[in-house]
Amino acid sequence: MHKDIPTSKVFYRPIEAAIRWAGLLRYLPMILAAIASPRFLPPSLNCPRWNECRLYSERIYDGILNGELPYGQNGITLNDPKLLQSPDLTVRHVDLKRWMRNHYPEHRPGFLFSRGERMAHPFITLETGQAILIERLALQAALEHARRQMQELQEQRDTLLKQSTALLASKQCEISERAETTYLNIIGGMLTLMLGQSPSGVPYSSFKTQEALVSALVAHFGGTMGITERTLNGKFANARKYVRSASA
């Protein structure tokens with residue numbers, strides 16, 4: 001859904017601009033569905049950097065109330081006080097950009113300023129630099145973690161392929177019902193573990209959904225027999241059913 005939401009528009013509602021300002025565009029549908037009023041936002045929300053988003057919304061309304069930021073409806077500037085409580089109040093892109101440049105020169109959000117404008121802007125606060133460094137380190141750690149997990153998955157896949165090849169070579173017959181149940185239980189247990197969390201709430205892997213795991217397997221081993229979305233989803237669903245029934 002995030003891909004279908006434009007980063008920049010001709011005009012915005014204040015909450016839409018605040019969400020983009022805080023870098024939360026991918027959470028826009030969730031935020032809009034969770035708030036009762038775009039003017040009076042809840043003090044807390046299950047969303048990262050929500051306090052920043054609320055602050056930016058308050059700054060936009062502050063600019064409007066103090067006559068610094070022109071406003072209107074549906075992109076038409078009216079400056080009608082009756083609109084101050086209306087969910088249809090909007091601010092134009094050009095006005096918002098001009099206002100931010102004058103009153104918050106240290107901010108250069110991507111939905112208002114081009115990459116060249118952001119790169120040419122010399123004002124970077126210590127807090128911004130620290131935040132960039134922390135985010136970069138976190139991304140590096142996440143990437144390394146994902147690489148290790150992918151390597152473990154590949155090793156598990158190679159082991160399973162060797163076991164499967166040895167079994168077919170030795171028996172040259174269909175797998176027994178007992179053996180199939182065993183494999184399904186193993187697959188179901190591994191799948192449940194990879195998508196689960198420790199008792200302290202720490203995820204066992206970076207895969208949050210079965211779809212993400214299937215996509216990764218198809219991306220890396222799509223040419224292998226049986227590694228297709230349809231087959232994997234069917235086998236995984238069957239395996240999880242076996243595990244649930246066995247532990248019930």
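Quick rundown of the values:
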read-out: Residue within region 18-34 that is β-branched (Val, Ile, Thr), touching a Pro at 6+ places or on another chain (Cβ under 8 Å) and in the same structural domain as HIS93 (by TED's automatic domain parsing) present; value: no
read-out: Count of residues meeting criterion [at pLDDT 95 or above and more than 16 Å from GLU16 (Cα to Cα)] in region 79-98; value: 1
read-out: Leading residue by the ranking (modelled with the lowest pLDDT) among those in region 1-49 that are aromatic (Phe, Trp, Tyr) and in a helix (DSSP H, G or I); value: TYR27
read-out: Answer residue from region 1-41, given it is of a type in the set (Phe, Trp, Tyr) and in contact (Cβ under 8 Å) with a residue 24 or more places away in the chain and is nearest to GLY75 (Cα to Cα) among those; value: PHE11
read-out: Which numbered condition ARG59 misses (of (1) touching a Phe, Trp or Tyr at 6+ places or on another chain (Cβ under 9 Å); (2) more than 30 Å from GLU135 (Cα to Cα); (3) surrounded by 14 or more Cβ atoms within 10 Å (Cβ to Cβ)); value: (2)
read-out: Count of region 73-85 residues which are more than 18 Å from SER8 (Cα to Cα) and surrounded by 14 or more Cβ atoms within 10 Å (Cβ to Cβ); value: 3
read-out: Only listed residue being in contact with a strand residue (DSSP E or B) (Cβ under 6 Å, 6 or more places away or on another chain), among the hydrophobic types (A, V, I, L, M, F, W, C) and assigned by TED's automatic domain parsing to the domain that holds ARG26, chosen from LEU78, LEU65; value: LEU78
read-out: Number of the condition not met by ILE64 [criteria: (1) farther than 18 Å from SER8 by Cβ; (2) in a helix (DSSP H, G or I); (3) modelled with pLDDT under 95]; value: (3)
read-out: Qualifying residue in region 210-225 (condition: modelled with pLDDT under 85, among the hydroxyl-bearing types (Ser, Thr, Tyr) and either in the same structural domain as LEU143 (by TED's automatic domain parsing) or not in a helix (DSSP H, G or I) (or both)); value: yes
read-out: Complete set of residues in region 62-72 that are crowded, with 17+ Cβ neighbours inside 10 Å and among the hydrophobic types (A, V, I, L, M, F, W, C); value: ILE64, LEU69
read-out: Qualifying residue in region 46-53 (condition: loosely packed, with under 13 Cβ neighbours inside 10 Å and on the phi > 0 side of the Ramachandran plot); value: no
read-out: Test: residue in region 154-166 that is on the phi > 0 side of the Ramachandran plot, of a type outside the set (Phe, Trp, Tyr) and modelled with pLDDT under 85; value: no
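Table: residues versus (1) at pLDDT 80 or above; (2) surrounded by 12 or more Cβ atoms within 10 Å (Cβ to Cβ).
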{"residue": "ARG178", "(1), (2)": "yes, no"}
{"residue": "TYR183", "(1), (2)": "yes, yes"}
{"residue": "ILE186", "(1), (2)": "yes, yes"}
{"residue": "LEU191", "(1), (2)": "yes, yes"}
{"residue": "SER247", "(1), (2)": "no, no"}
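The values are calculated or read from the model by the stated rules, or taken from the named source; none is laboratory data. This structure is a prediction, so every number in the text was calculated from the model and none was measured. Every residue, glycine as well, gets a Cβ built from its backbone with ideal geometry; the counts of neighbours run over all protein chains shown.
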